[in-house]
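Every number in this text was worked out from the coordinates using simple rules, so none of it is lab data. Keep in mind the model is a prediction, meaning the values are calculated, not measured. Positions of Cβ are backbone-derived with ideal geometry, glycine not excepted, and every protein chain shown enters the neighbour counts.
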Amino acid sequence: MGQAIDDAALNVLFREARTHTAWQPRAVGDQTLRDLYELLKWAPTSSNSEPARFAFLRSKEAKERLRPALAPGNVEKTMTAPVTVIVAYDMKFYEQLPKLFPPSPSARQMFEGNPQLVEVTTQRNSTLQGAYLILAARALGLDCGPMSGFDNARVDEAFFTSAKASTGCDQEFFPEGHVRSNFLCNIGYGDASRLHPRLPRLPFNAACSLL
C-alpha cells in the first residue's frame with residue numbers, strides 16, 4: 001500500500017489521456033465491462049454508500065432511446081461510441097447500508113426522511129464513482145468521453161422511471177423510479193487521428209494554495 005506507480009502508468013491514466021469524441025469500430029465486450037466495474041467499485045464513498053448505478057448502453061435500440069435526450073453536438077459522438085454509460089445515482093441507496101456499512105446499524109435511518117442529505121450524498125458520491133470509472137477504463141486500455149449536454153429528465157424517463165424502461169440489465173432497481181442520471185460517458189477505443197491539440201490546464205499557483 002502507498003507504493004507509487006511508474007511514469008508509464010501515470011501517462012496512461014493522466015498525462016497522455018484525452019477526452020475522445022471519435023471512435024474506432026472496435027467492440028467492447030461484456031467481460032471488459034464487468035472488469036471495469038470490478039475496478040471502479042473500490043471508489044471511496046460516504047459510509048461506503050455506493051449510490052452510483054451504471055447503465056451500459058450498447059445496442060442500437062438503447063442508443064436510439066437515448067438520442068432524443070442528447071444535445072445536437074453530442075449525437076454523433078454518442079451514437080458511434082461502442083458503449084455509452086449513464087452514470088446515475090439511486091435515491092434509495094440507503095436501503096443497502098445495512099449490508100454495505102455494518103459498523104453503523106443506524107446509518108440507514110440518518111438518510112430516510114432527509115431528502116436534502118440524500119440529494120447531496122448521491123450527487124457527490126456518484127460523481128466520485130464516475131471519476132473512478134474513467135480511471136478504471138483507461139487502466140484497461142479504453143478511452144473515454146465524459147459529457148453533460150443532455151436532458152436529464154428525458155434520460156430518466158427513458159431508462160429509469162417509465163414502466164417500459166428496460167435497460168437489458170438484470171438489476172431490478174433500474175425501472176423502479178428512484179434512479180436519476182448524473183452524467184454520460186462514452187467508452188471505447190478512440191480514434192486518435194481526430195483529436196484536436198490538447199488544451200491548456202491551470203498551473204499550480206492559479207488553482208492551489210498551500211496553507
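Some values worked out for this structure:
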read-out	value
Hits in region 51-78 (condition: assigned to a loop (DSSP other than H, G, I, E, B) and crowded, with 21+ Cβ neighbours inside 10 Å)	51
Of residues in region 33-50 being in a loop (DSSP other than H, G, I, E, B) and of a type in the set (S, T, N, Q), the one nearest to the chain's Cα centre (by Cα)	45
Residue satisfying all of: in region 114-166; exposed (fewer than 14 other Cβ atoms within 10 Å of the Cβ) and hydroxyl-bearing (Ser, Thr, Tyr); farthest from residue 61 (Cα to Cα) among these	148
